[in-house]
Every structure is written in structure tokens, then in C-alpha cells.
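What follows is a single structure, written as C-alpha cells, with notes after it.
The values are calculated or read from the model by the stated rules, or taken from the named source; none is laboratory data. Treat the numbers as computed from the prediction; the structure is a model and nothing was measured. Note that each Cβ is placed from the backbone with ideal geometry, even for glycine, and that neighbours are counted across all protein chains shown. Calculation scope for accessible area: heavy atoms of the full protein, side chains included, ligands and nucleic acids excluded. Shrake-Rupley method; radii C 1.70, N 1.55, O 1.52, S 1.80 Å.
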Protein chains: 2
Amino acid sequence: MSPDCSDLIPALRAIVGADHFLEGEDTTPYVTEWRGRFRGDALCVVKPADREQVAALVRLCVQHGAPLLPQGGNTSMCGGSVPYLAEHARPPVIINLARLRRIRRIDPLNNSIEVDAGCTVAEVQAAAASVDRLYAVSFGAEGSAQIGGSVATNAGGTGVLRYGNTRDNVLGLEVVLPDGSLWDGLRTLRKDNTGYDLKQMFIGAEGTLGLITAVTLKLHPRPTAQAMAWVAPRSLDDALALLALTQDHCGASLNAFEVLNHTQLEHVLTHVPGLRDPLPQPVAWNLLIELSDRSDDAQLQARLEQVLIQAGDLITDAALARSQAQCEQFWRIRSSVSEGNKKSGMSLVFDVAVPLIQVPAFIARADAAVRAICPAVRVPVVGHLGDGNMHLVIVIDWALWQSLSEPQALLQTMRDAVYAIVAELGGTWSAEHGIGRMLLKEMQQYKSPVELKLMRAIKATLDPQGLFNPGKVLPA
Amino acid sequence: MSPDCSDLIPALRAIVGADHFLEGEDTTPYVTEWRGRFRGDALCVVKPADREQVAALVRLCVQHGAPLLPQGGNTSMCGGSVPYLAEHARPPVIINLARLRRIRRIDPLNNSIEVDAGCTVAEVQAAAASVDRLYAVSFGAEGSAQIGGSVATNAGGTGVLRYGNTRDNVLGLEVVLPDGSLWDGLRTLRKDNTGYDLKQMFIGAEGTLGLITAVTLKLHPRPTAQAMAWVAPRSLDDALALLALTQDHCGASLNAFEVLNHTQLEHVLTHVPGLRDPLPQPVAWNLLIELSDRSDDAQLQARLEQVLIQAGDLITDAALARSQAQCEQFWRIRSSVSEGNKKSGMSLVFDVAVPLIQVPAFIARADAAVRAICPAVRVPVVGHLGDGNMHLVIVIDWALWQSLSEPQALLQTMRDAVYAIVAELGGTWSAEHGIGRMLLKEMQQYKSPVELKLMRAIKATLDPQGLFNPGKVLPA
């Protein structure tokens, strides 16, 4: 099929209507990475109104052999949601899902919800809350990230310890496949063993195997009681011992077990107004612990207090939140880490996970390795300690950064050093952010040939022309 | 490659040694369905000692174009674990995993365990308990079902409401692929977003895409407190209202919410010695409710009692278990349903799931439909009501059964009637048992062409010669 754009563009425009078709300079917000790190190039941006328009757009692209990029809220941490063009490659058609935003159905008895892909994660949370239920996936960008994108990237966040990743919260999908057919897999069942579980292929595939137009999701009972503490463990090893103790005492009511090192808290307190250290003295490691369940606050706070008393020597200080406002204050510190780091300098964020027992070794070794490469860096650490997912951050003063002759080479040297340690400890170099365009080199380097071969075989089977989100996930 | 068995058999024997090679009559236990419903035919049975032997066996079979069948504990409910030969097809080599039975590693801090595929599910549960942890998948055949088979079939059971299916409890897999290569995917991480999640393809594929040699699994905090009640709801609708009420009050501590109708309980009490009705009067519907958490029995029992008081008119009677022995007695009734039904006559077990709100309609309509076809049947119902998975059973007196001229045709008529209702209500006709050889017709009939096409494409990609567990899952 000949790639005749003069023919394609009017046909695309006809499907969505002129009001929902953008080209040239109007595409800038859609082709620019949200932090402004790079921009790509698109043939055009189309904003379909419904799944039928999506399917028509896909069929048209496939007929023309034209690449396409499914786009949600454009909040990818690794450049997955904007075009990335290999040399001589054709710019893709961006199919933006923002207009598919119906909450289709909520079933509180069945604890399930069916929503269009373009709803934001926060809108899904709110819809669940309106019927006294919880949609349990929660992360920083939830106000603008779309649910379809969160499924396509298997988003993680702060609730994984208790409720799992996005994958664990998906019951069914509606997907436009690369051949233009629509797969209606919108089940709401907890159990369905009728052949291969096809939805799993599209979850976390970052739009490279199909385009998600709607999802059905699990809901949970909405917790009515909350208890939080800000805790100083004696060491990172003792933090892990405290995690085990908390799980022993509180079982499934443990919601979050987050960690920030001294440098990370300092960056937040220095640069984000209105926040103060919950503890009287700065400490090496800070833990934010949250319990929630269907009892009441007083009962749950008593339980958390008991755990902290039992912790004895494992901790040197602790502050229990005594009000809803204090809980919110604790979470505001946690959610301000990116802002704090950004204002401190150029930051390179790692998204690694290692088996829990290896977390202290990983932090010590990675910190030493990056300082050996560039002694002037600061190394804030923030992480979902409960599930072993650590965001080690390398911050370089803006002044130093601008004086570097080969800044990208320096970053790559530090990446290589950290990932070598991760690999040795049985960990992963992308725990929750995905691959996008930014980690293609790592895919090539750290994935076994067996895995790459399998992934490529699946890609070739589902998308033989290689048109869906080209240049992402799989290295060329 | 020419199918030269005279060459293949000695080579297979040489890999495992003569003591672990069976042919002819010795293969009977391995080719016979465990209920004795049918038997297949195998070229031979080999029992490898380790994954290297498994890989060598697979490579040899692939070189000879010889079909092979990965076999665990042979407890499949749908004939997936014994050979099924299309006409003129070659009998497969059965690779039995019983000798791969090491508990490789338990990590209580990380809440994970790594085990060989041939360990039984009960052995994995015991290993977890030995370090004060819970492996949460539990089902009737757990004493003989192997963990590899339970992963290959995505086994369900009584813990799904709280802990999910087997799929939700798998962290990683080691798989011998159809090209003879070994994929080491034995992660223990809670988060890993590095490309397509390959393990998902093999979970629930019933050995048609690869052979699982080891798994890493999630563990949970082991509950220390238990509370149980045997409850008579006024109706099945009220049972669902009670489920919602229990979830509202008890959140994640709700472990099991099982249902038995009057006929089902009667079959158990009539035919299984040593059991008695927990309630003074027979009732239409019986619920078995279990809570568990890390508090203590008294506290949890008080909580359950409170829920039952709040239930008011939803229930007509209830018995709270006051001891560990009483809890076990309640569970013994639940786990004796197959025995009770078997002794009552020929039984046809359905394994359906529908959205919760549809359960009462499904039961009423399916019951009426099968009685319309054969008024003499009895219809016990037992189900995991909490997740909508209902085992409606059709029992036909042995005398009547033996007098039927076309018994299989009658069963098929009843299957068709029930599955038509399931399809209409948005349900599934195989919730937890899988497909095996017994539900191939239903795959053809109820799966959309889009899904069948996708599944066949995946099968052809991974196993282009179609050698792995031939005749299963996908209709020809």
C-alpha cells in the first residue's frame, strides 16, 4: 500500500470532523514531552468521539501503512506518549483519547466499574467514591493521566503494596486491534478461565499492540478509618524489620510504607512552601506509614501506636498523625518530592525495584557508585519501600550542570553503573514507569535474548506492519 | 523431520534413565482421567529429574516433531492432563513433573517463595506456614495437584474473593519453550514494567504454549484469628445484600463467602458420615462465611456477630462457630460436596460465573431450564458466591442414568441450555476449571471470532508445530 498522505489526511479529518483535527503548530502540546525534554513530530492529531471513530481511524491508517500513536494524558515518565522517530521514519498519526470520557457503568455490589479510556484516573477514583467504593490505584499524575494510558503502562504508585499494580485491578478491556477489528473483552468477572487471558497482552504494552478504548476495573470497599505515622528508623535494615512487624500486626490494613532519606526531605522542606518536618530533629531515614480499614480512626491509631511501641529499638522517633489535616500534611511532603528535586537542580530519577532484603545493599552501593563518578551530586532517595520500588535520584546543581561538557555521557555512565548493581541484585531497572523511548538501550542490554525474541514475536504477530506506537518498548 | 519413534524412544529413555521411563501398560495411571471418565494413549511417560532434563526432552521431541504433554498431579476437571487424540494423531510423550519437587527458597521478608513445578499445592502451603506466612490459593485437590499445573490452569478455589486466582499470586516463572530454550523469568519483584509481561501468557494456557518447571509465588501474612458462621439468608438476593454488608463492615478480612442450597447440603448429610446440619431446621440456602486477620478470635467473632445482628431481616437463622473444631466441621461440609453428589448419582458439574447481581436470575433460570429438559434431575448448587462463581450440579439417579438411551446427548442438551443463559447474563462457562478437552465445543461456540483468531495466532507463534498438549484449549 502506498503511503499517500494527501489522500489520508482528508479522510482522517472527515472521520473526526474539522474541530477535532489538528496539524502543524497546533500539534505542539501533543508532540512535546510534558517536562519539555524533547519533542517529536506528528502527521496530525485526531480526537475521536467514540470507539467506532477510533476503529475507523485505525483501519484507515493500516490501509495506508501509516504509523499511529495512541495518546492519553501525556504523563509518561519515559517518553512513551509522544512521537519518537527513527531516521527517515514517517511521523505518526496521534489518536488522542481525551474525548472518550464516559463513566459507563458502576456496579457497587459487583465491585466493578466500566469507563471510557479517556477518563482521568482521578475521575475514576471520584466515581468509585460516589458509591462508597475505592479505585485503589493512586499516583502523582492521577489528575491528568488517563485511565487507558494507566492500563497501557500498568501504572504503579503508592497503593501497590496492598492493592497491586494497575494490572491487578483490571477485569476487562475493549481494544481496537492493529487489523482494525474491535475486541470487546469488557468482562466484570473475578474468574474466567476460557483460554488465554488476552487482556494481559495489552496491559503494560504501552500501545504497541493495540489501542485501549475502554476498561472494566475492580473496586474495593472504601476504607473509613485511617492512621498515619512519620517514623525515624535507626537504619534502613531496621526499616525493613519494622515493615515485617507492621505486616505481622496489621496484615491487610497496611496501605503504604514509604521512605525518604534526609536529602530528599531537605529538598522538599527547602523548596516547597508551607511544609515542615514532622519530627523535631532531622534523621537519616524517614518512613511514612499508613493503615486503613473499615473500623474507626481511634481504633486504628491505637493499633499503629502499639506497633511503634513494640518496635522498641528499631526506631528513634515517631510522630502519629492526630487529625485528617496532619495525614494530608504527611502525604503532601511525600507528593512534593519531584517539585523539591526539580528546584534543587537537574535530576535523574531511577525507578528500580530489588527484592526487599537487598534494598539496603542497593542504596549503599548505588550511592557510592554515582558519587565515585561525580562527587558533587546529591542523592535524594524516595521509595515505595513496602514493595521494594526505590526512586533513587541524582541531583546536579544547575550551575554545575550547565558547565558540563558532555552532560548526557555523564548521565549514561551513572545509569550504567546503577543498572549493573540492580541486575546483580536480581532487580529491575524499570519497576513502574515502563520503557517508552527512554529505556530502549536498557531493554537491549539487560533483557535476555529469549525474552526479547518472545516479545518481538508477539509484536510481529499482532502488529505485523509495526504501525502501533513505533519506536517504543522494543529496541530496533 | 521424520517422526521416527524407534530412534526417539531410546533417546528419551537415555535422558531420564530406565527407572523413570514407562511404556505400554505401565502408562495406564498417566493416561487415565482421574475420575476414570476416559483414557488416552501415550507414546511413553518420562519423569525428568530437573529442568535440564526437561529441556533436553523437549528439544528431542521438537526435533522429531513428536507431540508432548506436560503433566502435573493429573487433577484437571476437564481432561486437560491426559492425552486426547484426534483421529490419526500421534500419541504424545507425557513429561511428568513429579520428580521436580524442591522448595528452592523462601523469603519471609519479601513474602515470596520459589518452588519446583512438581511440589504439590499443599506442600507449598506447608512451606509458607513454616515461616509464618500464607500461600493463599486453596482448592479441593490441593493435596495432589502440583503447583506447576495449578499455575498452568490458573486454579481458583475458595480464597479468590480475598486473594485472587493463582494468576494473581504468581511473581515469576521458569518455562521450557517449544523451541527447547529455557526462559528464566523467576522474579520475586512486586513491580517490573520492562516490556510485555511474558509470564501471563503461560498462566492458564494449560501447557499448550510451554512447560513450566518452576514458579515464584506471593506469600501473605498468615492470619492468626478466624471467625466463621453458618447462615440462612431469607433468599439468594438477601444473601447478596448480606455479602455487601459484610464487605462494608469487614473489608479485607472477609475470606470466604460460600453458598450451598438445600439439595446440596442434603446430599452431603445423607452420604458423608460424621457430619450434621449446623442449623436446627433445613433451609433453602446456606452460607458459610469466614473472616480472618491478624487480631484474635474473640475480637473477630464479635465483629462477625455484629454483622449478623445488623443483617436483621436478611437472615432467618445463623450459627457462629465457637471453636476451631466447629470451624473445621463447617469446612468439612463444604469440601464434601463432590463426595455427596457422587454417591447420589451421575453428576454433571457446571463451573460458571456471572456478575453478582445476576446470580439469583441465573440460578432460577438454569434450574428451570434443566428441569424442563429432564424433570427427574436433582439440582444441588454450591458456589463461591463472593466472586460469582457457581457450581450448579445436575444429578441423575444411577438407575435412571443407566436406563437412558442417549445419555451423552441429554447432557449436551442441558449444557447448551445452561450456557445460553450464562452467555445472555454476561457470564463465563468456565470460571476456574479451564478448557482441557471437555469444553472445546464451547470455545468454538461462545468465544468471539476475534478472540479465537488472537489465541490461535499466539499458539502458532509460540508453538508453530502444534506439539504442546495437542487437542487442548483451542478447537481444531
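Some notes on this structure:
- Across the copies of the chain, A:Ser448 has label points (7 Å from Cα along Cα→Cβ) spaced 3.5 nm apart, shortest distance listed first.
- Long-range tail of P(r) for the range B:5-48 (Cα pairs > 16 Å, %): 40
- Where a label projected 7 Å from the Cα of B:Glu406 along Cα→Cβ would reach, residues of the range B:361-382 with amide N under 16 Å: B:373-374
- Dimensions of the range A:358-402 along the principal axes, based on C-alpha atoms and rounded to the nearest Å, stand at 36, 18, 8, largest first.
- Apportionment of accessible area to carbon and sulfur, the range A:118-217, percent (1.4 Å): 51
- In the range A:218-266, the residues that give up 50 Å² or more of accessible area when the other protein chains are added, compared with the chain on its own (1.4 Å probe), are A:Gln247, A:Asp248.
- Annotation for the range B:40-107: trypsin sites (Lys or Arg not before Pro) lying in DSSP loop with at most 13 further Cβ atoms inside 10 Å of their Cβ are B:Arg102.
- Rg over Rh [alpha-carbon atoms, Kirkwood Rh] for the range B:1-75: 0.96
- Over all distinct Cα-Cα pairs of the range A:138-249, the Kirkwood formula returns a hydrodynamic radius of 16.5 Å.
- Gyration tensor analysis over the Cα atoms of the range A:1-138 returns equivalent ellipsoid semi-axes of 31, 18, 12 Å (largest first, whole Å).
- Taking one quarter of the surface of the C-alpha convex hull of the range A:321-476 gives a mean projected area of 12.2 nm².
- Here B:Asp26 yields copy-to-copy label distances, from shortest upward, of 7.7 nm, the label point defined as 7 Å from Cα along Cα to C-beta.
- Chain A: relative contact order in percent, alpha carbon pairs under 8 Å with at least 6 residues between: 16
- For the protein assembly as shown, taking Cα atoms only, Rg and Dmax work out to 28.4, 93 Å respectively.
- Förster radius 25 Å - calculated FRET efficiency between B:Gln63 and B:Gln444, Cβ distance, rounded to 0.05: 0.20
- A/B buried area, accessible surface, summed, 1.4 Å probe, Å²: 6300
- For the range B:399-476, a/c is not less than 1.5, where a ≥ b ≥ c are the root eigenvalues of the C-alpha gyration tensor, and a/b does not top b/c. That puts it in the oblate class.
- The range B:114-187 - Debye-derived log10 I(q)/I(0), Cα point model, q = 0.11, 0.13, 0.18 Å⁻¹: -0.28, -0.38, -0.71
- Of the GluC sites (Glu not before Pro) found in the range A:32-114, those in coil by DSSP whose Cβ has at most 16 other Cβ atoms within 10 Å are A:Glu87.
- Where N is the number of residues in the range A:252-339, Cα Rg divided by 2.2 N^0.38 Å: 1.11
- Loop-located trypsin sites (Lys or Arg not before Pro) in the range A:207-313, at most 16 other Cβ atoms within 10 Å (DSSP): A:Arg276
- Three principal axis extents describe the C-alpha atoms of chain A; from largest down they are 71, 60, 44 Å.
- Tensor-based shape of the range A:207-314 (alpha-carbon gyration tensor, a/c under 1.5 rounded, otherwise prolate or oblate): oblate
- Span from the the range A:1-80 Cα centroid across to the the range A:207-266 one, whole angstrom: 37
- Copies compared at B:Arg37 - label distances in nm, ascending, label defined 7 Å from Cα in the Cβ direction: 5.4
- At R0 = 22 Å, FRET efficiency that the Cβ-Cβ distance of A:Asp132 and A:Arg332 yields, to 0.05: 0.30
- Other protein chain C-beta atoms within 10 Å of residue C-beta, averaged over B:65-72: 0.
- Rounded to the nearest 500, the helix-only mean residue ellipticity at 222 nm of chain A stands at -10500 deg cm²/dmol, with each DSSP H run of n ≥ 4 adding -39,500 (n - 2.57).
- Label separation (B:Glu23 vs B:Ala417): 4.9 nm, computed from points 7 Å beyond Cα along the C-beta direction.
- Per-residue shielding of A:432-439, expressed as the average number of other chain Cβ atoms within 10 Å of the residue Cβ, stands at 2.
- Chain A - accessible surface per residue (Å², probe 1.4 Å): 36
- Carbon plus sulfur fraction of accessible area for the range A:272-339, probe 1.4 Å, in percent: 50
- For the range B:468-476, backbone phi angles converted through the Karplus equation (6.51, -1.76, 1.60; θ = phi - 60°) give residue-by-residue couplings of 8, 6, x, x, 10, 6, 9, x, 4 Hz, Gly and Pro being listed as x.
- Members of the range B:167-184 that become less accessible by 20 Å² or more once partner protein chains are added (1.4 angstrom probe, chain alone as reference): B:Arg167, B:Asp168, B:Leu177, B:Asp179, B:Trp183
- For the range A:108-150 versus the range B:348-367, the gap between their alpha-carbon centres in whole angstrom: 29
- A:Gly159 long-range amide H proximity, modeled H, under 5 Å: A:Ser138
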